[in-house]
1. Kindly list, by first and then second residue, each pair from a residue in the stretch A:193-205 that is in contact (Cβ under 8 Å) with a residue 40 or more places away in the chain and within 10 Å of A:V28 (Cα to Cα) to a residue that is open to solvent by 70 Å² or more (accessible area, probe 1.4 Å) and in a loop (DSSP other than H, G, I, E, B), limited to pairs with Cβ atoms under 7 Å and residues at least 6 apart or on different chains.
2. Suppose we filter the stretch A:110-123 for residues that are more than 13 Å from chain B (Cβ to nearest Cβ), open to solvent by 50 Å² or more (accessible area, probe 1.4 Å) and either aliphatic (A, V, I, L, M) or free of Cβ contacts under 8 Å to residues at least 24 places away in the same chain (or both); how many remain?
3. Among A:V28, A:V107, A:V32, which is among the β-branched types (V, I, T), in contact with an Asp or Glu (Cβ under 6 Å, 6 or more places away or on another chain) and open to solvent by less than 20 Å² (accessible area, probe 1.4 Å)?
4. Taking A:L175 and the conditions (1) within 23 Å of A:T36 (Cα to Cα); (2) over 16 Å from the mean Cα position of the chain (by Cα); (3) at pLDDT below 95, which numbered condition does it fall short on, given that it satisfies the others?
5. Being within 21 Å of B:H132 (Cβ to Cβ), in contact (Cβ under 8 Å) with a residue 40 or more places away in the chain and touching a helix residue (DSSP H, G or I) at 6+ places or on another chain (Cβ under 6 Å) narrows it down to one residue among B:A81, B:A25; which is it?
6. Among the numbered conditions (1) among the β-branched types (V, I, T); (2) surrounded by 24 or more Cβ atoms within 10 Å (Cβ to Cβ); (3) more than 8 Å from chain B (Cβ to nearest Cβ), tell me where A:V72 comes up short.
7. Can you tell me which residue within the stretch A:80-93, out of those that are among the small types (G, A, S) and more than 18 Å from B:T63 (Cα to Cα), is farthest from the other protein chains (Cβ to nearest Cβ)?
8. If I ask for residues that are within 14 Å of chain B (Cβ to nearest Cβ) and out of contact with any strand residue (DSSP E or B) (no Cβ under 8 Å at 6 or more places or on another chain), which ones from the stretch A:43-58 would you list?
2 protein chains.
Amino acid sequence: MTKPNLQIALDQNTLADAARIAHLAGPVVDIVEVGTILELQAGQQAISVMREMFPDKIIASDTKCADAGSTVAQNSKDAGADLMTVIDSATIATMKSALSVLSGIQVELYSAWNWDLAKEWKKIGIEQVIYHQSRDALLAGEVWGKKDLDIVKGFIELGFKVSVTGGLNVDTIKLFEGVPVYTFIAGRAITGQDNPKAAAEAFQEEIKKYW
Amino acid sequence: MTKPNLQIALDQNTLADAARIAHLAGPVVDIVEVGTILELQAGQQAISVMREMFPDKIIASDTKCADAGSTVAQNSKDAGADLMTVIDSATIATMKSALSVLSGIQVELYSAWNWDLAKEWKKIGIEQVIYHQSRDALLAGEVWGKKDLDIVKGFIELGFKVSVTGGLNVDTIKLFEGVPVYTFIAGRAITGQDNPKAAAEAFQEEIKKYW
C-alpha cells in the first residue's frame with residue numbers, strides 16, 4: 001500500500017510565524033499547506049513564500065473556495081499552488097470553474113455533502129476530497145471513530161484520493177491502519193510543538209510503521 | 001419601510017485596485033465589503049485599509065468562514081470589521097464560536113441550508129443571512145426570480161436581516177419592491193464601471209425610489 005503523504009497545515013496568524021515553522025518542519029513533510037487562517041491574514045504572498053521555500057514539494061492553498069472558482073483557482077495557481085480546496089456547499093458550476101484552471105481541486109467535506117453529490121463531483125473530474133473533523137466539533141468533544149473511517153473508506157471506494165484532517169496526532173494515525181489514505185493533514189500537532197521538526201518526523205515514522 | 005443599505009463588494013485581485021475603487025465609490029455606499037477574493041489575495045491588511053479609509057462606515061469581512069470561528073472572527077475584528085460571513089455548511093459549533101467574538105455574523109447561503117437549520121441559527125443568536133445567487137450559477141444562465149424572492153421573504157419572516165447579492169444591477173432592484181431587504185450587495189455593477197461613484201449613486205437613487 002502506498003505510504004500516505006504527510007501534510008502540514010500552516011494556520012498561523014502571521015506569515016513570519018508560519019515561515020519559522022515551515023523552515024523547521026517543511027523539509028520533513030510531503031505537502032505544505034497555506035491554511036485558511038494564514039491565507040486570510042497574509043494573502044497570496046503566503047503561498048508564494050512557501051512555493052519559493054519548497055520548490056520541489058506540493059503546495060496546497062486552503063481557500064475553501066465557495067464561489068468565483070476560476071478566479072480563486074487562477075490566483076492560487078499564479079502564486080504557485082498545486083492543490084486548492086473548495087467547500088462542499090459550493091455549486092457544481094463553481095467546482096467546474098475551479099477545475100478548468102487547476103486540476104488539483106480538493107472538496108472539503110463539511111455538512112453539505114451526500115453520496116449522490118460525491119458521485120457528481122467524480123463525474124465532473126474532481127479526484128480528491130478532504131474528510132474533516134472540524135476544529136470546533138473537536139473542541140465540542142467529538143473524536144475520530146468508526147463512523148469517520150467508514151466515510152473515508154466510502155470515498156476511497158468511489159475512487160477519490162482522500163485526505164484526512166482535524167485533531168490528528170501521532171496516536172490517531174494507527175486508527176487508519178489498512179486504509180489507503182492519500183494524505184494525513186496535521187496542524188497544531190506539528191506547528192504547536194516546541195520542536196516542529198521532531199513532531200513531523202514522529203508522524204512520518206508512525207505512518208511508515210503501518211503503510 | 002427602512003431604506004435598504006447599499007454594500008459594495010470589493011473583489012479585486014489587488015489591494016491597490018480595490019483602494020482606487022473604494023476611494024471613488026466608498027463615500028456613496030453604506031457598507032464597504034472586503035470580498036473573499038481580495039481578502040485571500042491581500043490578507044487582513046485589506047480590512048485595515050478600508051477601516052482607516054472609512055472610519056464611520058460599516059466594514060464587512062467576507063471570509064465565508066467554515067471552521068475556527070473564533071480565530072477568524074477575532075482576526076477580522078482586530079482588523080476593524082463589523083460584519084463577517086460564515087458559510088452555510090459550517091457547523092453550529094463554528095457559528096457559535098464566531099458569534100462569541102463578533103456579533104455581526106452573517107450566514108452566507110449556498111447549498112447547505114434548510115429552514116430547520118435556519119431556525120437553529122436564529123436560536124444561537126445569528127441575526128443576519130446573505131441570500132446569494134452564485135457568480136458561477138449566474139454565468140450558467142440563472143437569474144433572479146420568484147423562487148429567490150420567496151426565500152428572501154421566508155428568512156425575513158423568521159426574523160433575519162437579509163442581504164441579497166449576486167448579479168444585482170440597477171434594473172434588478174425594483175424586483176424587490178415591497179420586501180424589507182436589509183442590504184443590497186453590488187460588486188461588478190459598481191466596481192466594473194468606468195465611473196464607480198456614479199454607478200453607486202444610481203443604485204442609491206433607485207433604492208430610494210422604492211423604499
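1. A:A199/A:Q193
2. Residues flagged as more than 13 Å from chain B (Cβ to nearest Cβ), open to solvent by 50 Å² or more (accessible area, probe 1.4 Å) and either aliphatic (A, V, I, L, M) or free of Cβ contacts under 8 Å to residues at least 24 places away in the same chain (or both) within the stretch A:110-123 amount to 1.
3. After applying the criteria, what remains is A:V107.
4. For A:L175, the exception is condition (1).
5. Among B:A81, B:A25, only B:A81 is within 21 Å of B:H132 (Cβ to Cβ), in contact (Cβ under 8 Å) with a residue 40 or more places away in the chain and touching a helix residue (DSSP H, G or I) at 6+ places or on another chain (Cβ under 6 Å).
6. With (1) among the β-branched types (V, I, T); (2) surrounded by 24 or more Cβ atoms within 10 Å (Cβ to Cβ); (3) more than 8 Å from chain B (Cβ to nearest Cβ) applied to A:V72, the lone miss is (3).
7. Filtering the stretch A:80-93 for residues that are among the small types (G, A, S) and more than 18 Å from B:T63 (Cα to Cα), the one farthest from the other protein chains (Cβ to nearest Cβ) comes out as A:G80.
8. Answer for the stretch A:43-58, where residues must be within 14 Å of chain B (Cβ to nearest Cβ) and out of contact with any strand residue (DSSP E or B) (no Cβ under 8 Å at 6 or more places or on another chain): A:G43, A:Q44, A:Q45, A:S48, A:V49.
The values are calculated or read from the model by the stated rules, or taken from the named source; none is laboratory data. Note that this is a predicted model, so its numbers are computed, not measured. Every residue, glycine as well, gets a Cβ built from its backbone with ideal geometry; the counts of neighbours run over all protein chains shown. Note: areas computed on protein heavy atoms with side chains; ligands, DNA, RNA excluded. Shrake-Rupley method; radii C 1.70, N 1.55, O 1.52, S 1.80 Å.
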